[in-house]
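One structure is given below, encoded as structure tokens.
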2 protein chains.
Amino acid sequence: MTASVEASAPRRTRIQKEKRELILEAALEVFSANGFRGATIDQIAEAAGMSKPNLLYYFRRKEDIHETLMQRLLDTWLAPLRELDDVGDPLTELRAYIRRKLEMARDFPRESRLFANEILQGAPRIMPMLEGELKTLVDDKAAVIRGWMRAGRIVETDPYHLIFSIWATTQHYADFDVQVRAVLGPERGGEERFEDAACFLEQLFVGALAPRT
Amino acid sequence: MTASVEASAPRRTRIQKEKRELILEAALEVFSANGFRGATIDQIAEAAGMSKPNLLYYFRRKEDIHETLMQRLLDTWLAPLRELDDVGDPLTELRAYIRRKLEMARDFPRESRLFANEILQGAPRIMPMLEGELKTLVDDKAAVIRGWMRAGRIVETDPYHLIFSIWATTQHYADFDVQVRAVLGPERGGEERFEDAACFLEQLFVGALAPRT
DNA sequence: CGAAATTTTGACCGGATGGACAAACGTTAG
DNA sequence: CTAACGTTTGTCCATCCGGTCAAAATTTCG
């Protein structure tokens, strides 16, 4: 009997694992480019090289695909912030965080856009996570940053808005990629734009946060 | 005879002007919250308090509404950058620009989200404008900023990425509003978040750009 | 007022889309 | 080999949605 492939105990065959990965990869492409409502199951199925009913055998509803994609995304998405280390040198830590986030914007732009789409629509599917896991993590790291400030190791400012500004500036290069490339033009808009961005952002944040002597 | 209400020579009656405004206002609400494909004509019609066929009497196609909205948006959207003045004091000018952009994020979040949605989807409808009008404007203002840098009035850095970072950080408070509020929580996530943001961003950019003595 | 023009509405259409289903096909292991 | 299980497909359905149309209601203006 063909029981649900998405049962609580995921006892999956080899084919199921492979095909589900294939579908998720295709869905990432389609969802990130068109948003949830803008994407159709047919599009995803075609991108995954299978028929619609076949796809629906692995994920019973369109929303299930999106949900699975989101869950996976969030883990990797917050990893860089998790790595922000209390004991390291503040400026080195923040520089590394910015670099990692920028690398993610460069290497996983689809994931960034998927996330941006979700938030733009009011985060209907991940609100609990934002108010729970995310808030907890940010509270935690904001406390770390505040500790650095209190110790005079970086300039005093609002740690929450500092984190927001790092998110905004780095993700901008994924989410607003077409605009960035259009403005930079063909000469400066190649892959080197990420190098330039890294250089600029380091200057911006280090310049503002390094303690004035 | 009911000729097109959107003819090249817009000879519009009182009712047409009123109703078109009503529709555009409703469409801004719906498009910005759901994206172009996610929005339905029925939703817009209901938000505008009229029937779907009635709405379609004023705008023949869904895309016409979106296009009109976009055209209007772009003018006001770029106004703050246009005001960046060559002859003023660099830090004062940049501070004013940041403040204006942040006020727009606060006062016109729907417009910001409409724009973000469009760019996220690859800017299919406004690409020419990005490569034309926008690029020209940014090139122009980047030259102004570079002039300030050459003159040693602000720290030398990449003017394009500086502009990007101002866009990113300010628009973040409109586009990622739900996330910002979720992370800040009920206490600090009220309307004062824009004050806090303004304060932080001023510190960030002035801190990084003010010439080191 | 009354005719002409404008505005509004209900009914309708065709295509897209999410999803159901059973039958056909393939795989695996006893 | 073959029965049980897993996979794939064609077909079908209901709904949604963008858009049309003609007739009814309303406004405008001579």
Report summary line: Of (1) away from DNA strand C (no atom under 13 Å from the Cβ); (2) without any contact (Cβ under 8 Å) to a residue 24 or more places away in the chain, A:D86 fails just (2)
Query raised in the report: Out of B:R60, B:R37, which single residue is assigned to a helix (DSSP H, G or I), within 14 Å of DNA strand C (Cβ to nearest atom), farther than 29 Å from B:A143 by Cα and among the basic types (K, R)?
Result: B:R37
Report summary line: Sole miss for A:C199 among (1) within 10 Å of another protein chain (Cβ to nearest Cβ); (2) part of a helix (DSSP H, G or I); (3) in contact (Cβ under 8 Å) with a residue 24 or more places away in the chain is condition (3)
Query - Check on B:R110, away from DNA strand C (no atom under 16 Å from the Cβ) and either over 27 Å from B:V180 (Cβ atoms) or at pLDDT below 95 (or both) - result: no
Report task. Report yes if A:F108 is in contact with a Leu (Cβ under 8 Å, 6 or more places away or on another chain) and under 18 Å from A:R72 (Cβ atoms), otherwise no. Result -> no
Requested in this report: Starting from the stretch B:43-54, keep only residues that are more than 14 Å from every other protein chain (Cβ to nearest Cβ), then list their pairs with residues that are part of a loop (DSSP other than H, G, I, E, B) and away from DNA strand C (no atom under 11 Å from the Cβ) whose Cβ atoms are within a distance under 7 Å, requiring at least 6 positions of separation or different chains.
Outcome: none
**Report entry** Of all residues in the stretch B:157-188 being over 20 Å from A:P124 (Cβ atoms) and more than 9 Å from chain A (Cβ to nearest Cβ), the one that is farthest from the chain's Cα centre (by Cα)
**Finding:** B:E187
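The values are calculated or read from the model by the stated rules, or taken from the named source; none is laboratory data. Not measured: the values here are computed from a predicted model. Backbone-built Cβ (ideal geometry, glycine too); neighbour counts: all protein chains shown.
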